[in-house]
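Read the structure below first, then the notes.
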Amino acid sequence: MEHITKNQFNIVIVGTGGQGLITILKIISQAVLIEGKDIKTSELHGLSQRGGSVEVHLRFGKEIFSPLVKQGSADLVIALEMQETLKACYYASKQAKTIFLVNDFFIPIPGKKLLGKSAILKNLEKFSQETILIPASALCKKQTGTPVTAGVFLISLACFKNLIPLSPDSILQAIKKIVPEKYLELNKKTWLLAKTKNL
């Protein structure tokens, strides 16, 4: 895939409370600033509720006026949990060539029957020509001892694979600036894991 070059880039990240979406938003924002670009961000839905839906928007480029990604205009949707992916379809379209980068991970909801993986992927086909499904939580747990860095893994991987027009080194520098010292080595190890992962 060629490196993306366009004036604006729109990302929607979805997941649940406790998966570190706000940290991910801060890391990408810092990386964008390191590269001297303009960025606007927005945090939506259930932020304070652990396990509740969380949605963050990031728009960056030469000059950005609105923090919200419009319907059907996302360049990239990153989902930290499979069920949450469906809630982001509104922002995706084949016309925008939206790519879905999805963590192969389910959080069970007591008393609620969840859609299966194949049904979710079939739904995504209506909105995107490319869905990348990767077991980020399982990989992080196996290689670093904890699944909590799955989000950092996914954004790092997205940069290494040119799914986001940011340098992976900018992400690493942002991790060093944003992540607390006691978690820094864990997150640097996660960044390195993304570097060595083939899609």
Practice task
Might you let me know whether segment 103-114 holds any residue that is closer than 23 Å to residue 21 by Cα, at pLDDT 95 or above and β-branched (Val, Ile, Thr)?
Solution key: no
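One line per residue, one yes/no per condition, for (1) over 28 Å from residue 52 (Cβ atoms); (2) small (Gly, Ala, Ser):
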| residue | (1), (2) |
| --- | --- |
| 111 | no, yes |
| 123 | no, no |
| 134 | no, no |
| 141 | no, no |
| 171 | no, no |
| 198 | yes, no |
Problem - Residue satisfying all of: in segment 1-34; surrounded by fewer than 14 Cβ atoms within 10 Å (Cβ to Cβ) and either at pLDDT 95 or above or of a type in the set (S, T, N, Q) (or both); nearest to residue 61 (Cα to Cα) among these - result: 7
Practice task
Can you run down the residue pairs with Cβ atoms below 8 Å, 6 or more apart or on separate chains, where the first is in segment 172-199 and farther than 15 Å from residue 146 by Cβ and the partner is part of a loop (DSSP other than H, G, I, E, B)?
Solution key: 199/161
Exercise for the section: Could you tell me whether residue 120 is in contact with a strand residue (DSSP E or B) (Cβ under 9 Å, 6 or more places away or on another chain) and in contact (Cβ under 8 Å) with a residue 60 or more places away in the chain? Expected result: no
Exercise for the section: Only residues in segment 19-43 that are more than 20 Å from residue 153 (Cα to Cα) and free of Cβ contacts under 8 Å to residues at least 40 places away in the same chain count as the first member; pair them with residues that are assigned to a helix (DSSP H, G or I) and β-branched (Val, Ile, Thr), Cβ under 7 angstrom, at least 6 apart or cross-chain, and list the lot. Expected result: 39/32; 43/22
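The values are calculated or read from the model by the stated rules, or taken from the named source; none is laboratory data. Keep in mind it's a predicted model, so treat the numbers as computed, not measured. Note: ideal-geometry Cβ built from the backbone for every residue, glycine included; neighbour counts use all protein chains shown.
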